[in-house]
Every structure is written in C-alpha cells, then in structure tokens.
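The structure appears below as structure tokens.
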Amino acid sequence: MGDYPIKHARSPLELTDQIFGPATQHEALQDEIYCQIMRQMTNNNNRLSVERGWQLMWLCTGLFPPSPDLMRHTQSFLESRRRDQLAPDCLQRLHAMRSKEPRTLPSHSAEVDAIQQNSTQIFHKVHFPNDTSDILEVKSTTTIKDLCYSIASKLKLSSADGYGLYLKTANKVTSLQEQKYFFDSLRQTSEIPKKGKKAKEGNQANVPYLVIFKRKLWFNVSPGKDLVADLTFHFPQELPRYLRGYHNCTKEEMINLGGLLFRAKVDSDRSQFVMIPRMLKDLVPADQLKIMSPEEWKKHIISAYNKQSGMTLQEAKVAFLKGISVWPTFGCAFFEVKQTCESSYPNTVLIAISKQGVSLSDPNTKELLVMHPFSRITEYQSEGGYFEMTIGTLVRGNIFVCETPQANTMEDLLRSYVTMYERQTEAFRTRNTMFS
C-alpha cells in the first residue's frame, strides 16, 4: 500500500497478483488478506496509503468473501467508514459476493486500471461478426452468460439463446464457458506465464486479444424474423462458409445468390458491373469459380441482379440467407480433418456439426458419407491435435478418430449442442410433470 519501499519496481497488476493470487487458490489465506487490508487502514494517517487500501479492499470484495466468522467484522468495518468514497460500493460488493462462487484468478488488469482511477465502473469492448463493436459495462462478478444476455438486450435481439462469447488471440479462437466469470476467463485464456524465476508467482504477460460475440448454436434460426440478428450475425457468419465451397448447390442457385451478393456489396450502383470479374471470389464459391469463364459469370450475375431490381442492400442479405437456409448444411460448423480409421472414407473428410448431429462428407464431391445424430454419440473428447468420438453404445461402439488443430473447438461445440438438447428435454419433462 506504499508504506514501505519496494526493491524492484513492479506494475500495479504484478503487485495485486502477488497479494491476491495465492488467496484465490487457497481459501485459508482469504481471511488473512481481509485482516491485513483492514489492519493497514486502521489508525493510518498516510492519506495515499489509506487510498490504496480502499482500492485493495474494492478489488478483494470482487474476488472472494471473508469467512462467516470474519464477515460480521468486515461489514462493521465498512459500515463505520461510510463517508469514504469507496466504502458503500465495497459494502455492496461484499454482500453480493456472499451468494456467489469465489473468483479463481486474481483481478484482471481492467479492474486494477479502473480502481486506480477511483472508478467503480469497468467497460470492455466486444466485437461482432459484421465488423462493428460496442462498449459494455462489466462487473467483477459478471459471468459469460450474464454478458451474453446484456449484449443481446442492448442489441435488441429476439433471444440470447444460441449465442456465445469467444476470445481471439493471434494463434487461436477460444470459446468462453458460460458459467465462468468474464475476467477469470480473460486471464486464463489471454495470458501466458513469463519465463524465468518469477513465473511461479503468477507473473503474467498480456497477449493482445479481441472479445467476439457471435452465434454459436444454429437452432430456431429463421431468416427474416430478426433483422438485427440476420445483419449482425447470420449473414457475416454464413457468407464465408458459402464462399469456401462447403455447401452442395446448383449452378442456378449460385447465379441467383451471386446477384444478391453483388447487390449486398454495391447496392444500386450499376456502374460496378465492370468490376464483377474481379469480384467473383466474393460472389461465387471458391471451388466453382472455374465452371464458367469470368465473363460468363458476369453475364449471369447481371441478369440475376436485374431480376432482383428494387431490392435494398439489407433485403438482399436477408434473401441470401433465405436462399441457403433450405439446405441441410445451413448453420453447420465445418472442419476439414485427416483420418485413417475408416478405410472406406477418404483420408481428408469434412466434418459438419449442426443441430442435427455430426456428419462426415467427402470434401471434393460433397457426398454425404454418414450422419450421426447426437443420440448415437455416446462419448467424445479431444486431446492434443486429435478428436475422438464413440458411435453406438459403450459396449459395442465404433470409435472414430481424426487429426485436426481444431479438436478442442469441435469438442466444445458438440458439448454445447448436447447440453442444449439435454436442457430442452429436461424442460419438456418438467412441463409434462406440471400438467400431468
């Protein structure tokens, strides 16, 4: 708290890590932290020291509560100092933490930075698939699920169900688990231990990251019913899958969709017709570009564009979604994997995970090899760069193993769909019990 000099200069985050890190891992130390903070603030005439003490108390009340025996004394301490700027908020946080699970990691840099400015409000940027972003208030005990519902409410989405938060770093994109605290998730996912002796103290190196909110589970998605969802999430998330050539579609469908995508890019600017040959990679699936010459594609796309006359840019995007929503692969998450356990399949297969289950296809012909509904998948797991699932029963099941750098993503998505169906089944049983 500044009462004694420090031999080596350390950042505020390094100091709070040293103070709170061990206590978040060992419950027996938590009361000691509260006692030390209150002791240092009692009969202390050093204004700066007391101010830092209140900042530590504010951080502490957002991490874990004191034991029941110490709770009464801590509450009395805060109530007797209500005139101090942070006391009321510390008291409120203390009461709130009594009914919550304690945090598992020390305070995030955003919390430390905020309270150093004596601000009890913390804001964080969240990015969306349509290249927009928003700033949202996040509390120390905000969970991933809480933040998802806040975002859905702010965007006026018809429902928060099916959406998720992801953390993107330079190397990977990680899905954040809805029951975990937001700041714990950020620290766990976006920080790596520094090399050297101090790594054991919890000293961390920040990694640049983005927090992304997008649709994760594609169920009850009907293009045209929720315009905000269609334009912010569904269109920008489905377009790359279409252009990568994951769907099986006819030439006529591609021409019609090409006209819609061209309109979505240029609106009613007909002077851009000349640019179509250069824009084809943004209008036509990559694996179908060579079925016609660029000039032929241009002629057909212009024809489709003219037939769609009078349509606005937004209407074109919704019409694109409606056009592909009739395909069985709409809303699927695709993974190209390598496998050798099934001799009748090619070495590289395309796995699609959707609300129907897990399907395997030939990536070249797009021929469906097999579809496994969730009810037939008895076990699944990922380890290293491998994903494994058991089809059938635990006694007589076939094990499918594949190699992919996205093994963890596949396991997480599969678990999310299974959990969704389990919740729906439980809700259905509860309703039947109530009315039986």
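With a Förster radius of 41 Å, plug the Cβ-Cβ distance of Gln116 and Lys156 into 1/(1 + (r/R0)^6) and report the FRET value to the nearest 0.05.
Rounded to the nearest 0.05, the efficiency is 0.75.
Rg and Dmax of the chain, Cα atoms, in Å?
27.1, 85
What is the packing order of peptides 387-393, 331-337, taking the mean over residues of other C-beta atoms within 10 Å and listing the highest first?
331-337, 387-393
Past the 21 Å Cα-Cα mark, which pairs from Lys251/Lys322; Lys290/Lys355; Lys168/Lys216; Lys172/Lys366; Lys251/Lys281; Lys214/Lys366?
Lys290/Lys355; Lys172/Lys366; Lys214/Lys366
Pop out the carbon and sulfur fraction of the accessible area of the chain as a percent, whole number, probe 1.4 Å.
C and S fraction of accessible area: 49 percent.
Please work out, to two decimal places, the log10 of the ratio I(q)/I(0) at q = 0.19 Å⁻¹ from a Debye calculation in which every Cα of the range 55-112 carries one identical scatterer.
For the range 55-112 at q = 0.19 Å⁻¹, log10 I(q)/I(0) is -0.65.
Using the basic label-point model (7 angstrom from Cα toward the beta carbon), what is the Tyr421 to Thr42 distance in nanometres?
Placing both labels 7 Å beyond Cα along the Cβ direction yields 5.9 nm.
Just name one of Ser119, Leu29, Leu369: the one whose Cα is farthest towards the positive end of the charge dipole of the chain (beta-carbon charges, Lys/Arg +1, Asp/Glu -1).
Positive-end residue among those listed: Ser119.
Could you calculate the FRET efficiency of Asp269 with Leu227 from 1/(1 + (r/R0)^6), where r is the beta carbon distance between them and R0 is 25 Å, rounded to 0.05?
For R0 = 25 Å, the calculated efficiency reads 0.65.
Suppose all protein chains stay in the model; what accessible area per residue would a 1.4 Å probe give for the chain, in Å²?
55
Taking the Cα centroid of the range 409-426 and of the range 365-405, what is the distance between the two, rounded to the nearest whole Å?
Measuring centre to centre over Cα atoms gives 15 Å.
Starting from the exponent 0.38 and prefactor 2.2 Å, build the expected Rg for the range 12-117 from its residue count and divide its actual Cα Rg by it.
0.98
Cβ under 11 Å from Val112's Cβ, Val112 left aside: what net charge do those residues give with Lys, Arg +1 and Asp, Glu -1?
Combined, the nearby Lys, Arg, Asp and Glu give -4.
Direction-averaged shadow area of the convex hull around the Cα atoms of the range 227-325, nm²?
Its Cα hull, projected and averaged over all orientations, spans 5.6 nm².
The values are calculated or read from the model by the stated rules, or taken from the named source; none is laboratory data. Bear in mind that the values here come from a model prediction, so they are computed numbers and not experimental data. Heads up, the Cβs are rebuilt from the backbone with ideal geometry, glycines too, and the neighbour counts pull from every protein chain shown. Areas reflect the complete protein model, heavy atoms only, side chains present, ligands, DNA and RNA absent. Shrake-Rupley method; radii C 1.70, N 1.55, O 1.52, S 1.80 Å.
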